[in-house]
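The values are calculated or read from the model by the stated rules, or taken from the named source; none is laboratory data. Given the structure is predicted, the values throughout are model-derived calculations rather than measurements. As a convention, Cβ positions derive from the backbone with ideal geometry for all residues, glycine included, and neighbour counts pool all protein chains shown.
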Amino acid sequence: MEWLTQHVLEKYNFWIAMTIIIVGLTATIVKENLLKKIIGLSIFQTAMFLWYVSLGDVGRNILTTWGLKTGTPAILWEEAAEKGYIYVNPLLNVLMLTGIVVSAATTAVALAIVIRIYQKYGTIEEDEIIEKEKEFEREGVM
Amino acid sequence: MTQERRAYKRDVVIEVTTSLIVPLILLFGLYVMMGTGGTGGGFQGGTILAAGFILYITVFGVDKGREKVPESVNAFFLSFGLFLYNGIGWLCILFSLATAQWLNMPAFWPVTEFTGVAGARSFLIAYMISAGIGLTVMAAFVSQYFDLAMKEDDEMEGDEG
Amino acid sequence: MKLPAMKPLTISGLITALLLIALSIYVVEDLPAFGDENSPANKYMMLFTVDADGLAENLDAGILPSKIKTQIEDMGFNKEENYPTLEEGNYRIEWSEKGAFEGGRRSEGGWEVLIHNGEIFYNEPLRYYFVKEGNETFTIYRYNWPVRVNEKTEEETATINAVTAGLADYRGYDTMGEETVILTGAIGVILLLRRRGRL
């Protein structure tokens with residue numbers, strides 16, 4: 001019982017982020033449409049950012065207070081010292097900012113590749129592409 | 001060939017609203033891009049600026065969008081932003097004799113006698129580094145959107161290899 | 001009851017999901033709790049524990065006892081690996097009250113070791129180690145990077161935005177590389193999609 005409260009209830013951010021990671025990664029593997037695979041990859045990357053940034057939140061404890069004390073973002077104003085605010089860890093936000101923009105740029109490159117595949121084969125489904133590829137090999141068109 | 005490539009009928013409400021709100025989006029993006037006086041930063045401001053241009057292209061069509069953001073202006077901003085940031089970075093590496101310290105750049109500026117070292121670093125963060133990041137990110141996203149949305153004249157002709 | 005025939009892709013996806021669930025149950029015991037102020041990612045990291053024989057008088061007088069000092073240097077925080085050394089006259093010991101509020105964090109009662117690091121432009125002592133008293137033992141902690149950022153960002157760079165100062169000033173070279181990645185992404189889309197003499 002103590003293992004349950006200590007490792008499951010206090011770390012609920014990890015379980016939520018892990019669920020979305022598993023959903024995104026399974027979608028990338030299982031689905032056959034190429035566009036759905038790209039969407040699964042984007043879901044996976046977004047859940048990773050959520051998990052990493054939530055490590056730095058300060059002042060939240062589910063067992064003592066229901067979110068009455070929270071951390072403020074790391075903008076260092078002078079009035080925060082009088083009111084008793086505690087700052088959030090800024091290093092984690094810094095490392096994930098560049099990751100967000102890079103993931104958007106690589107999604108655009110993946111979509112450009114899908115457009116090229118559609119122009120050559122005429123379809124996006126994966127099993128039809130494999131059949132057409134075998135036909136091209138037999139007939140010698142390349 | 002010279003007909004309009006539209007898939008929907010023109011709507012007055014959408015066009016008037018967009019032409020009123022796009023300058024405000026660009027002004028807000030410029031404010032967010034200088035990130036030293038409050039929230040903001042280079043990446044955040046650059047994506048807001050790109051969102052303004054993408055909204056204009058979506059509503060009015062690709063041809064009219066090409067008149068506002070021609071190819072030469074797009075390529076200029078794409079390389080100018082990288083030139084600003086990488087120029088300062090490689091100068092710092094050179095002057096600190098490859099020990100990679102950012103502090104040496106304010107050290108030999110004559111400006112630091114007036115503002116101090118902290119003021120010179122804040123000037124570098126706000127006006128050179130953030131502007132460099134913002135311009136490159138805006139130009140990259142607008143150029144990617146143009147390529148994905150533009151239809152060439154003869155496609156699906158067969159395979160070229 | 002017979003299961004319907006599944007494609008090989010579905011089977012491999014289910015195996016991946018099961019492996020990830022098992023891995024997450026194995027890993028969850030090492031993670032810090034949500035909202036913990038004193039976890040290693042946010043404040044400090046525990047080094048070792050020492051019996052309190054008569055060390056409290058040395059710490060009140062301002063001298064670090066040699067038992068703690070040799071053990072810190074044995075762990076690897078010595079001069080060969082470019083860490084600041086604990087020589088005479090180089091450090092200072094202060095006592096901070098429990099519940100005192102400075103720099104955006106609440107301090108617990110203990111002694112703090114400040115080392116004069118000798119940086120190029122700002123010659124002020126920085127907090128490095130923290131000694132806390134338990135029941136007849138002393139625990140030694142070492143502060144991490146967020147403590148320094150929340151105290152010193154306003155002085156060293158005249159910006160109040162700690163996130164942009166961390167991106168553009170303390171970690172500037174990482175961002176320089178990431179911007180080149182974005183430029184390469186834009187060039188990649190141009191090369192893939194423009195074929196009929198528009199390049």
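Numerical summary
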item	result
Condition check for B:Val12: farther than 27 Å from C:Thr180 by Cα and of a type in the set (Val, Ile, Thr)	yes
Scope the stretch B:37-47; condition more than 9 Å from chain C (Cβ to nearest Cβ) and surrounded by fewer than 22 Cβ atoms within 10 Å (Cβ to Cβ); matching residues	B:Thr47
Sole residue being in contact (Cβ under 8 Å) with a residue 12 or more places away in the chain, facing chain C (nearest Cβ under 9 Å), surrounded by 14 or more Cβ atoms within 10 Å (Cβ to Cβ) and of a type in the set (Phe, Trp, Tyr), chosen from B:Tyr56, B:Tyr85	B:Tyr85
Whichever residue in the stretch A:10-39 is in contact (Cβ under 8 Å) with a residue 60 or more places away in the chain and closer than 12 Å to A:Glu126 by Cβ and, among such residues, is nearest to the other protein chains (Cβ to nearest Cβ)	A:Glu32
Number of the condition not met by C:Arg195 [criteria: (1) assigned to a helix (DSSP H, G or I); (2) outside the structural domain of C:Asp51 (by TED's automatic domain parsing)]	(1)
Within the stretch B:22-52, tally of residues that are free of Cβ contacts under 8 Å to residues at least 24 places away in the same chain and aliphatic (A, V, I, L, M)	5
Unique residue being at the interface with another protein chain (Cβ under 9 Å from one of its Cβ atoms) and either touching a residue at least 60 places away in the same chain (Cβ under 8 Å) or within 29 Å of C:Asn150 (Cβ to Cβ) (or both) when the list is C:Ser24, C:Ser39	C:Ser39
Criterion: under 30 Å from A:Ala74 (Cα atoms), surrounded by 15 or more Cβ atoms within 10 Å (Cβ to Cβ) and of a type outside the set (Lys, Arg) - qualifying residue of C:Ala41, C:Ala100	C:Ala41
Residues of the stretch A:1-54 satisfying the condition of being loosely packed, with under 14 Cβ neighbours inside 10 Å and part of a loop (DSSP other than H, G, I, E, B)	A:Met1
Among residues of the stretch B:27-36, those that are surrounded by 19 or more Cβ atoms within 10 Å (Cβ to Cβ) and either part of a helix (DSSP H, G or I) or within 8 Å of chain C (Cβ to nearest Cβ) (or both), counted	5
Unmet requirement for A:Asp57, which otherwise passes all of (1) over 28 Å from C:Asn150 (Cβ atoms); (2) touching a residue at least 24 places away in the same chain (Cβ under 8 Å)	(1)
So B:Leu148, is it surrounded by fewer than 21 Cβ atoms within 10 Å (Cβ to Cβ), more than 11 Å from chain C (Cβ to nearest Cβ), modelled with pLDDT of 80 or more and within 30 Å of A:Ser103 (Cβ to Cβ)	no
Test: residue in the stretch C:70-87 that is over 30 Å from A:Ala80 (Cα atoms) and aromatic (Phe, Trp, Tyr)	yes
One residue from C:Thr159, C:Thr153, C:Thr175, C:Thr164 being surrounded by 20 or more Cβ atoms within 10 Å (Cβ to Cβ), at the interface with chain A (Cβ under 10 Å from one of its Cβ atoms) and not in a helix (DSSP H, G or I)	C:Thr159
Hey, B:Ala75 more than 9 Å from every other protein chain (Cβ to nearest Cβ) and out of contact with any Phe, Trp or Tyr (no Cβ under 9 Å at 6 or more places or on another chain) or not	yes
Residues located in the stretch B:59-72, provided they are away from chain C (no Cβ under 11 Å) and on the phi < 0 side of the Ramachandran plot	B:Val59, B:Phe60, B:Val62, B:Asp63, B:Lys64, B:Gly65, B:Arg66, B:Glu67, B:Lys68, B:Val69, B:Pro70, B:Ser72
Flag if A:Thr106 is at pLDDT 90 or above, of a type outside the set (Gly, Ala, Ser) and closer than 25 Å to C:Arg195 by Cα	yes
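Conditions tested, residue by residue: (1) at pLDDT below 70; (2) under 17 Å from C:Asn38 (Cβ atoms).
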| residue | (1), (2) |
| --- | --- |
| A:Ala47 | no, no |
| A:Asp57 | no, yes |
| A:Thr64 | yes, yes |
| A:Pro73 | no, no |
